[in-house]
Structure formats: structure tokens, C-alpha cells
Amino acid sequence: MVDDLRSDDGLGGLDGGNRRARRPEEKRPLADREVPLGSHEQETRVLAPAVHAWLDGELPEATVRKGDTARDVEFWKQINTAVEGRRRLRTPTYLEARIMDALPLAAPQLITPWYRREFVVTPAVAASAAATLVVVAAAVTVAVMGMIR
């Protein structure tokens with residue numbers, strides 16, 4: 001299916017039904033071309049049980065390398081070869097040292113908002129808050145009494 005969002009192929013505006021000829025398929029932009037998704041046969045292909053048994057080590061390779069499964073065996077042998085090569089790769093020591101140097105020495109702390117933090121009151125802070133409250137209350141009382149007289 002081709003979605004043709006630009007009916008005039010971007011060659012002009014709406015001019016009362018005057019349509020220009022469409023460009024041939026090979027000259028249309030790549031975005032307008034239909035892309036085949038592959039055959040249904042490839043999507044439903046299942047690996048043979050004999051190949052599964054060979055991969056699990058239950059069957060010898062010679063019994064599985066017959067007929068249609070020979071291609072699967074070759075594919076899995078190539079994958080195993082590539083995986084073995086990757087397992088032998090080691091990170092160079094200079095790169096490992098740079099990575100370790102870039103890591104912070106301490107674990108990062110989670111920053112919590114002030115309203116979710118623990119509120120700790122020491123006796124000295126409590127005494128100074130009480131004294132401040134008494135002084136403010138006395139000052140307000142003196143000011144109110146002075147305004148009344």
C-alpha cells in the first residue's frame with residue numbers, strides 16, 4: 001500500500017482541480033515507494049527439532065547435517081565461532097583504568113526536597129527557638145499596648 005499524502009506530488013497548490021500528470025514510479029521520492037515486507041514463508045520458519053537437539057549436545061553434527069538442516073547447522077557454527085572470539089576479547093588495561101578513574105569514589109546521594117527530609121531538633125536549637133518566640137511575643141505585646149493607650 002502506498003500512502004499518497006501529496007496528491008499533486010508537491011508541484012503546486014490547490015488550483016480548482018487542475019491536476020498535473022504523476023511522475024513515473026522510478027522518479028518518485030524514496031519515501032513514496034512501496035517496500036515489500038518479505039514473504040510469509042520466512043516469517044513462520046521454525047528451527048527443526050534435530051537442530052535444537054544438536055545445539056543442546058544431544059545429537060552429533062553428522063546426523064543433523066542432512067537435507068534442509070545443513071544450512072541451519074552452518075549458520076549456528078558460524079555464530080558459535082563469532083561468540084567464542086568475542087569471549088576471548090579483553091578490555092585493554094589503559095581503558096579499564098580510565099573507566100575506573102572516571103567513577104566517583106562515593107556512591108551518589110539521592111537529593112530529596114526539603115519538605116521530605118528528616119527534621120531533627122537538637123536541645124540547643126529548641127531552646128533558642130523558644131527564647132526567640134518569647135522575645136517576639138513580648139515585642140508584639142508592647143507594640144499593641146502602646147497603640148491602645
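Find out how many positive minus negative residues lie around K77, taking Lys and Arg as positive, Asp and Glu as negative, among other residues whose Cβ is under 14 Å from that of K77. With Lys, Arg at +1 and Asp, Glu at -1, the neighbours total -2. The base-10 log of I(q)/I(0) for the range 44-100, evaluated at q = 0.20, 0.26 Å⁻¹, reads -0.74, -1.05 [Debye formula, identical scatterers on Cα atoms, solvent excluded].
All of the numbers you see were taken from the coordinates with simple rules; none came from a lab. Owing to the predicted nature of the structure, the values given are computational and were not obtained by experimental measurement. Quick reminder, even Gly has a Cβ in these numbers, built from the backbone with ideal geometry, and neighbours come from all protein chains shown.
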